[in-house]
Amino acid sequence: QKLINTVKNGYASDIRIAIMNGKITSVVDRFRVPEQRFTSPSKSEILSHHDTLSADESAKVLEFAKRMYLDYCELDTLRSVDDNKLYIVDANNTPSGPHPGEDMPWKEYMQYVHDYCVAFKEQFVDTV
């Protein structure tokens, strides 16, 4: 076991990656003060997965989900500030997303939900 150092600008960060049917559909950076790194995030920010993950990391994340038979999931990952590696630390097969009004403003959350619904429709409904 080791503690993965994710602290930058005074916050510990974890990156939640949503996957639907073999496609990365959203990436959310979640921030906490380091002393409370194992509690609910105090702030969340939607990121572009192309700007956050390399092509190799994206492929490995998708391969992980495939091998775990996760058609719909959110993976909790940590990016080490020491070696810049991405570590998968948890696989959530009942995703919940960010918490509106708590760690994400309502307007940003509504955009997140809209994008999530569009991705769900594209990946599961339109394929039938």
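The values are calculated or read from the model by the stated rules, or taken from the named source; none is laboratory data. The structure presented is a predicted model; accordingly, all values stated were derived computationally and were not measured. All Cβ positions, even for glycine, are placed from backbone atoms using ideal geometry, and neighbour counts span all protein chains on display. Surface accessibility is based on the protein's heavy atoms, side chains included, excluding ligands, DNA and RNA. Shrake-Rupley method; radii C 1.70, N 1.55, O 1.52, S 1.80 Å.
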- Note on the structure: At 25 °C in a medium of viscosity 0.890 mPa s, the chain has a Stokes-Einstein diffusion coefficient, with Rh taken as the Kirkwood radius over alpha carbon pairs, in µm² per second, of 162 µm²/s
- Query: Nearest 10 degrees, 0 to 90: what angle lies between the long axis of helix 106-120 and the longest principal axis of the chain (Cα atoms)?
  - Reply: 40 degrees
- Query: Taking the chain as a Gaussian network, Cα atoms linked when under 10 Å apart, which of Met68, Met104, Met20 shows the biggest mean-square fluctuation?
  - Reply: Met68
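In nm, what is the difference between 0.36 nm times the number of residues separating Gln111 and Ala55 and their Cα-Cα distance?
Once the chain is fully extended between Gln111 and Ala55, it gains 17.7 nm.
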- The distance between the Cα centres of the range 49-97 and the range 1-40, in whole Å, is 10 Å
- Query: Which aspartates and glutamates have a Cα less than 19 Å from the Cα of Lys107, not counting those fewer than 8 places away in the same chain?
  - Reply: Asp29, Glu45, Asp115
- Message: Please compute the contact order of the chain in relative form: average sequence separation of alpha-carbon pairs under 8 Å and at least six residues apart, divided by the residue count, as a percent.
- Response: 26 percent
- Query: Tell me, what ³J(HN,Hα) does each residue in the range 80-88 have, in order and in whole Hz, if you take phi through Karplus 6.51 cos²θ - 1.76 cosθ + 1.60 with θ = phi - 60° and put x for Gly and Pro?
  - Reply: 5, 6, 7, 10, 6, 7, 9, 10, 7
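Suppose accessible area is computed on protein heavy atoms with a 1.4 Å probe; arrange Phe120, Phe64 from highest to lowest.
Descending order: Phe120, Phe64.
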- The answer for GluC sites (Glu not before Pro) in the range 44-118 that fall in a DSSP coil and have at most 13 neighbouring Cβ atoms within 10 Å is Glu102
- Item | Violating pairs (Cα-Cα greater than 28 angstrom) within the set Lys2/Lys43; Lys43/Lys66; Lys23/Lys43; Lys85/Lys121; Lys23/Lys85; Lys2/Lys121 | Lys43/Lys66; Lys85/Lys121; Lys2/Lys121
